[in-house]
Amino acid sequence: MKQNEKKLYMIGNAHLDPVWLWPWQEGFQETKATFRSALDRMKEYDDFIFTSSSAQNYEWVEENDPAMFREIQGRVAEGRWVIVGGWWVQPDCNIPGGESFVRQGLYGQRYFKEKFGVTAKVGYNVDSFGH
């Protein structure tokens, strides 16, 4: 790369709050649709990389669409689907105390390690709430 050349990386990401304004069933369907779209983009584009957090979303898929879950596991293993955040769900960072943050991380990271063989290495909190 020449001295003045710059490279731009764009990484697909899903910011899902599946139970904030939706009934959980609708949030679950949004999660499945988003995950399916990401998997489809990976089939279309060899260099497409995707990130997502919130272990709860993955558990819903694991329990309700095992084939999709196995597909995600394969993409995680090849490094094209990156687990970020490590939370069980995206946390409210305005009111909770330290113990709730620790448990969020503990449960989320434990799930990711058990199901994908990885823990999140990238901190991720795109919506700190407090509105």
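The values are calculated or read from the model by the stated rules, or taken from the named source; none is laboratory data. In this text the structure is predicted, and so the values were computed from the model without any measurement. Here Cβ is always computed from backbone atoms with ideal geometry, including for glycine, and neighbour counts include all displayed protein chains. For accessibility, only protein heavy atoms count, side chains too; no ligands or nucleic acids. Shrake-Rupley method; radii C 1.70, N 1.55, O 1.52, S 1.80 Å.
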*Tally Lys and Arg at +1 and Asp and Glu at -1 over the other residues with C-beta under 13 Å from the C-beta of PRO18: what net charge comes out?*
-4
_Taking θ = phi - 60°, what integer Hz values does the Karplus form 6.51 cos²θ - 1.76 cosθ + 1.60 yield along segment 116-125, in sequence order, with x for Gly and Pro?_
10, x, 9, 10, 5, 9, 10, x, 8, 8
*When we measure straight from the Cα of LYS115, which lysines land under 23 angstrom away, once same-chain ones fewer than 8 places off are left out?*
LYS32, LYS43
*Within straight cross-link reach of LYS113, meaning Cα distance under 20 Å, which lysines are found once same-chain residues fewer than 8 apart are removed?*
LYS121
_Proximal charge balance of CYS93 [Cβ under 15 Å; K/R count +1, D/E count -1]_ = -3
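Specify the longest stretch of the chain that does not include any exposed loop site, a site being one of the chymotrypsin sites (Phe, Trp or Tyr not before Pro) with a non-H, G, I, E, B DSSP assignment and at most 13 other Cβ atoms within 10 Å.
The segment 46-131 is the longest one with no such site.
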*Net charge of neighbours whose Cβ lies under 12 Å from the Cβ of GLU62, counting Lys and Arg as +1 and Asp and Glu as -1*: -2
_How large is the accessible surface of ASP46 in square angstrom, using a 1.4 angstrom probe and rounding to the nearest 10?_
130 Å²
*If the cut-off is a Cα-Cα distance under 12 Å, which aspartates and glutamates reach LYS6, setting aside same-chain residues fewer than 8 apart in sequence?*
none
_Regarding segment 61-131, what's the average projected area of the Cα-atom convex hull, expressed in nm²?_
5.4 nm²
_For THR51, what residues show an amide H to amide H distance below 5 Å, using hydrogens built from the backbone and excluding near sequence neighbours?_
GLY12, ASN13, ALA14, VAL82
*Hey, any idea what % of the chain's accessible area is carbon plus sulfur with a 1.4 Å probe?*
54 percent
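From the helices alone, meaning DSSP H stretches of at least four residues, give me the mean residue ellipticity at 222 nm for the chain, per-run term -39500 (n - 2.57), in deg cm²/dmol to the nearest 500.
Per the formula, -16000 deg cm²/dmol.
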*GNM on the chain, C-alpha springs below 10 Å: top fluctuator among GLN25, GLN104, GLN56?*
GLN25
*Which residues' amide hydrogens lie under 5 Å from the amide hydrogen of VAL118, considering only partners 5 or more residues apart or on another chain, with H built in the peptide plane?*
LYS113
_Of the trypsin sites (Lys or Arg not before Pro) in segment 40-128, those whose Cβ has at most 14 other Cβ within 10 Å and which sit in DSSP loop_ = LYS121
